Amino acid sequence: KTVIDRRRVELVRPGDAGAAERASAAQARPRMPAIHERWRAQTPGALDRTAAWWDFLCLDRESQRGGMSGLFYLLHADGYVAYRIKTDWNDGDPGHLCWIADYVIASPEAHADLWQVLLGMDLVRTVESYRIPLDDPLQHLVTDGRQIRPTHVGDGLWLRPLDVSAMLSAR
């Protein structure tokens with residue numbers, strides 16, 4: 001899990017927040033699979049997603065929210081972010097949480113543009129997610145990289161190759 005204190009960081013080279021479009025689930029659902037597929041083609045170990053997986057993500061049942069809002073979507077030509085907001089007024093001071101549920105970024109431009117929006121959310125104190133990879137370049141692109149804190153590292157996939165030569169030749 002990665003935790004970011006949004007109030008203490010900004011991008012060294014700001015992205016174009018206007019290049020990221022806010023969308024509803026109905027608008028995002030048809031566009032996200034193609035973006036994901038482009039990202040998957042350039043990301044070693046990335047997994048394919050079925051139509052049922054996409055439908056489940058966009059279904060956004062209240063029982064899956066953990067007290068947070070419904071999903072919001074940010075779309076870019078080369079990436080997208082699906083996130084929730086958990087409100088916390090903390091004795092009158094806003095301490096809202098932005099929880100990233102899905103995070104797919106296929107170009108440096110999309111990375112800067114989407115993070116420009118995420119880091120610009122006024123009432124949000126922290127951004128958290130299990131989806132931000134450890135090798136994400138964000139800590140090198142902000143004014144204080146120490147505010148990008150991995151707090152938990154877990155194994156997401158275990159494989160037991162039975163036919164190693166077939167597996168490697170299929171890459």
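The values are calculated or read from the model by the stated rules, or taken from the named source; none is laboratory data. Given the structure is predicted, the values throughout are model-derived calculations rather than measurements. Cβ coordinates were reconstructed from backbone atoms using ideal geometry, including for glycine residues, and neighbour counts include every protein chain displayed. When the accessible area is computed, the model is the full protein with side chains, heavy atoms only, and any ligands, DNA or RNA have been set aside. Shrake-Rupley method; radii C 1.70, N 1.55, O 1.52, S 1.80 Å.
Here are a few things to note about the model shown:
- Taking the criterion of being open to solvent by less than 30 Å² (accessible area, probe 1.4 Å) and in a helix (DSSP H, G or I), the residues of segment 105-118 that qualify are A110, H111, A112, D113, L114, W115, V117, L118.
- Yes/no for D102 being among the acidic types (D, E), in a strand (DSSP E or B) and either crowded, with 19+ Cβ neighbours inside 10 Å or under 12 Å from the mean Cα position of the chain (by Cα) (or both): yes
- Among residues of segment 132-157 that are closer than 19 Å to V117 by Cα and part of a loop (DSSP other than H, G, I, E, B), those with a beta-carbon under 6 Å from a residue that is open to solvent by less than 60 Å² (accessible area, probe 1.4 Å) and not hydrophobic (A, V, I, L, M, F, W, C) at least six positions away or on a different chain give the pairs I132/T2; I132/Y103.
- Test: residue in segment 71-91 that is open to solvent by less than 20 Å² (accessible area, probe 1.4 Å) and either touching a Gly at 6+ places or on another chain (Cβ under 6 Å) or at pLDDT below 95 (or both): no
- Pick from segment 119-171, criterion of a type in the set (S, T, N, Q) and touching a Gly at 6+ places or on another chain (Cβ under 9 Å), ranking: least open to solvent (accessible area, probe 1.4 Å): T126
- Test: P108 is modelled with pLDDT under 95 and either touching a strand residue (DSSP E or B) at 6+ places or on another chain (Cβ under 7 Å) or of a type outside the set (D, E, K, R) (or both): no
- Residues of segment 10-27 satisfying the condition of being farther than 30 Å from T143 by Cβ and surrounded by 15 or more Cβ atoms within 10 Å (Cβ to Cβ): A25
- R61 free of Cβ contacts under 8 Å to residues at least 12 places away in the same chain and in contact with a strand residue (DSSP E or B) (Cβ under 9 Å, 6 or more places away or on another chain): no
- Pick from segment 37-58, criterion of a type in the set (F, W, Y) and in contact (Cβ under 8 Å) with a residue 12 or more places away in the chain, ranking: least open to solvent (accessible area, probe 1.4 Å): W54
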